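**Q** Take a look at this one; I'll ask things after.
The values are calculated or read from the model by the stated rules, or taken from the named source; none is laboratory data. Only a predicted model underlies this, so the values are computations on that prediction, with no experimental measurement involved. What goes into the accessible areas is simple: the full protein's heavy atoms, side chains included, and nothing from ligands, DNA or RNA. Shrake-Rupley method; radii C 1.70, N 1.55, O 1.52, S 1.80 Å.
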Amino acid sequence: MTLRMLTVSALVAGLGLGGAVIPGLCSEADAPARPVPTAPIRMAAATTSQTAPDFVGINNWFNSQPLKLADLRGKVVLVDFWTYGCVNCVNTLPYVTALYAKYKDRGLVVVGVHTPEFPFEHSASNVQAALKRHGITYPVAQDNNSQTWNAYRNQYWPAQYIIDQNGKIVFQHDGEGQYGEIDRTIAKLLNVNS
């Protein structure tokens with residue numbers, strides 16, 4: 001095992017970073033074109049009916065003017081908490097972008113909330129580059145001070161919240177997976193076949 005691999009292993013094990021990108025030691029660009037099978041973090045999906053908090057403390061909006069949930073009433077909203085340095089988040093992006101492509105003309109609004117874990121993830125130009133790299137065209141809010149994260153009482157990267165047409169959170173999932181269930185929930189709310 002090389003010194004570099006030992007260092008990364010020690011950081012991941014000792015600090016519990018699980019999948020985070022560590023500057024100078026590894027980067028998303030160093031990852032193979034096809035994801036290496038790993039044991040993704042999976043959490044149980046939850047159903048709630050609390051009113052969704054608004055987007056607060058947002059530093060920048062990408063691909064959109066600033067959004068307010070009140071203005072999105074009547075639409076189904078998928079709020080996706082992520083950060084570009086998180087491998088698990090990056091693994092979910094193809095599914096989130098596919099849902100956006102599939103349902104955007106039927107009433108789905110996807111809002112990515114980019115909440116950084118590390119200082120280098122605060123850079124607007126780095127976020128913009130990640131959006132381009134991953135083909136993200138839906139609205140993304142840069143939540144550098146974790147104010148929207150805190151308003152949702154979110155604890156994990158990635159995390160998805162589905163908000164119904166009345167502004168209520170009807171589905172919440174932490175981690176990778178549950179893609180079929182997320183799709184079915186959105187389709188049911190939009191009254192379309194998935």
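**Q** In whole Hz, with x marking every Gly and Pro, tabulate ³J(HN,Hα) for region 113-120 from phi via Karplus 6.51 cos²θ - 1.76 cosθ + 1.60, θ = phi - 60°.
**A** Those phi angles translate into 10, 8, 10, x, 9, 10, x, 5 Hz.
**Q** What order do 148, 97 take when sorted by accessible area (1.4 Å probe), most exposed first?
**A** Per-residue accessible area, sorted high to low, gives 97, 148.
**Q** Around residue 175, which amide H atoms from residues at least 5 apart in sequence, or from another chain, sit under 5 Å from its own amide H, with H modelled in the peptide plane?
**A** 159, 160
**Q** What Kirkwood Rh does region 123-194 have if only Cα atoms enter the pairwise 1/r average? Answer in Å.
**A** One over the average 1/r among Cα pairs gives 14.2 Å for region 123-194.
**Q** Same structure again: Using just the C-alpha positions of region 47-181 as equal point scatterers, what log10 of I(q)/I(0) does the Debye formula give at each q in 0.11, 0.16 1/Å?
**A** Results for region 47-181 at q = 0.11, 0.16 Å⁻¹ read -0.33, -0.74.
**Q** If amide H atoms are built 1.01 Å from N in the plane of the peptide, which residues on other chains or at least 5 residues away come under 5 Å of the amide H of residue 168?
**A** So residue 168 has HN proximity to 52.
**Q** Show me, for region 86-102, the HN-Hα J-couplings you get by feeding each phi into the Karplus relation (A = 6.51, B = -1.76, C = 1.60, θ = phi - 60°), rounded to Hz, glycine and proline as x.
**A** Rounded to whole hertz, the list is 9, 4, 4, 5, 4, 5, 7, 4, x, 6, 5, 5, 5, 4, 4, 4, 5.
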